[in-house]
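Participant: If you scroll down you'll find the structure; I have some questions about it.
The values are calculated or read from the model by the stated rules, or taken from the named source; none is laboratory data. Worth saying up front: this structure is predicted, and the values here are computed from it rather than measured. Because the Cβ atoms are built from the backbone with ideal geometry, glycine has one as well, and the counts that use them run over all protein chains shown.
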Amino acid sequence: MRGRVPVVVQTPRGRRRRGPVARVLWSAAEVLVTCGVLVLLLVVHQLWWTNQQARAQAVQQVRNLEQEWDSSPPATTTPAPTPAPIPSPPSAPPSAPASTPEAPAYAVLRIPRLGLTVPVAPGVGRRAVLDRGYVGHYPGTGAPGRPGNFALAGHRNTHGEPFRYINRLQRGDTLTVRTREGTYTYRVDRILPVTSPRDTGVIEPVPRSLYHPDYGYDRAGSYLTLTTCTPEFTSTYRLVVWARLVTTAPARPSAADVSSAASGPAVDSARERATPAEEPM
């Protein structure tokens with residue numbers, strides 16, 4: 001018998017079996033890469049996708065509101081816009097609707113300096129209002145255009161971030177709030193750069209900071225307050241902007257309402273002239 005020839009199988013250098021330490025390191029690296037991808041996707045979702053989604057929803061809501069108001073304005077005749085009178089305490093001022101899940105917007109806030117147009121809804125709940133890209137109306141605060149403090153809150157970052165740049169507002173800038181009843185113009189008056197989240201004095205009827213008493217007011221008036229988080233991407237403190245009402249422009253009635261109001265008194269007058277003996281004694 002011929003002698004057996006030994007066969008030698010060589011393992012390529014690149015395929016050497018990893019030791020236990022190398023396997024642990026490789027597995028750890030895979031976990032880190034996977035976690036990094038997940039974190040990146042989360043960041044993209046929070047900083048980009050939530051903004052796109054909330055802004056689209058807010059734009060559509062503004063469009064729906066204004067189309068509704070234009071097609072069915074209040075059925076009353078009103079004078080031309082006049083400067084807002086010196087406010088006095090109302091007997092029973094109207095207030096915004098109570099906050100509900102997915103609360104419907106009832107006003108539109110515009111800030112020309114920032115190019116911002118955003119719907120206003122009752123309440124400051126995250127899921128029902130703020131995360132939808134809306135601005136929230138603090139419960140219990142004043143109504144638009146009325147004496148008191150119409151106080152609003154909005155996200156600084158993510159979910160539409162409507163108040164991201166309110167730090168750029170300057171004294172004298174104008175803001176408008178439109179409702180079915182009319183449009184109210186406010187002028188920025190004071191800015192509180194930083195205060196505590198527990199500073200409830202800034203949304204009182206006569207706003208004044210509890211932590212920074214030099215910021216605020218002493219007299220009753222018609223105020224608008226904007227609040228948001230600061231610095232950006234944190235919720236450590238609050239930034240506050242105050243504005244005061246300067247003009248009120250009641251909504252224009254529809255053509256049908258104007259025609260009805262104009263023809264009504266004339267018919268009544270003709271009837272009175274035709275039957276003077278029927279006047280009550």
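Participant: Can you confirm whether segment 105-123 contains a residue that is assigned to a loop (DSSP other than H, G, I, E, B), touching a Pro at 6+ places or on another chain (Cβ under 8 Å) and modelled with pLDDT under 95?
Facilitator: no
Participant: Here's something else I'd like to know. Here are some conditions: (1) surrounded by fewer than 17 Cβ atoms within 10 Å (Cβ to Cβ); (2) under 17 Å from the mean Cα position of the chain (by Cα); (3) outside any loop (DSSP other than H, G, I, E, B). E232 meets all but one. Which one does it not meet?
Facilitator: Here E232 clears every test but (3).
Participant: Further question: I need the full set of residues from segment 200-229 which are surrounded by fewer than 17 Cβ atoms within 10 Å (Cβ to Cβ) and polar (S, T, N, Q), in order please.
Facilitator: Matches in segment 200-229: T200 only.
Participant: Hey, another quick one. Check off (1) modelled with pLDDT of 65 or more; (2) farther than 23 Å from L116 by Cα for V43 and give me the number that stays unchecked.
Facilitator: Exception for V43: condition (1).
Participant: Test Y186 against the stated conditions and say whether it is of a type outside the set (S, T, N, Q), at pLDDT 95 or above and either more than 29 Å from W69 (Cβ to Cβ) or in contact with a helix residue (DSSP H, G or I) (Cβ under 8 Å, 6 or more places away or on another chain) (or both). Walk me through it before giving the result.
Facilitator: Details: of a type outside the set (S, T, N, Q): yes; at pLDDT 95 or above: yes; either more than 29 Å from W69 (Cβ to Cβ) or in contact with a helix residue (DSSP H, G or I) (Cβ under 8 Å, 6 or more places away or on another chain) (or both): no.
Spelling it out, it is not the case that Y186 is of a type outside the set (S, T, N, Q), at pLDDT 95 or above and either more than 29 Å from W69 (Cβ to Cβ) or in contact with a helix residue (DSSP H, G or I) (Cβ under 8 Å, 6 or more places away or on another chain) (or both).
Participant: Identify, by number, the condition in (1) surrounded by fewer than 18 Cβ atoms within 10 Å (Cβ to Cβ); (2) within 23 Å of L114 (Cα to Cα); (3) not small (G, A, S) that P197 doesn't meet.
Facilitator: (2)
Participant: For segment 161-173, name all the residues that are without any contact (Cβ under 8 Å) to a residue 24 or more places away in the chain and either of a type in the set (G, A, S) or part of a helix (DSSP H, G or I) (or both).
Facilitator: Once the filter is applied, which keeps residues that are without any contact (Cβ under 8 Å) to a residue 24 or more places away in the chain and either of a type in the set (G, A, S) or part of a helix (DSSP H, G or I) (or both), segment 161-173 yields only G172.
Participant: Of T141, T158, which residue is under 22 Å from Y184 (Cβ atoms), touching a helix residue (DSSP H, G or I) at 6+ places or on another chain (Cβ under 6 Å) and assigned to a loop (DSSP other than H, G, I, E, B)?
Facilitator: Just one listed residue meets the conditions, T141.
Participant: Test each condition in (1) within 27 Å of W242 (Cα to Cα); (2) at pLDDT below 95 for R146 and report the one that comes out false.
Facilitator: For R146, the exception is condition (2).
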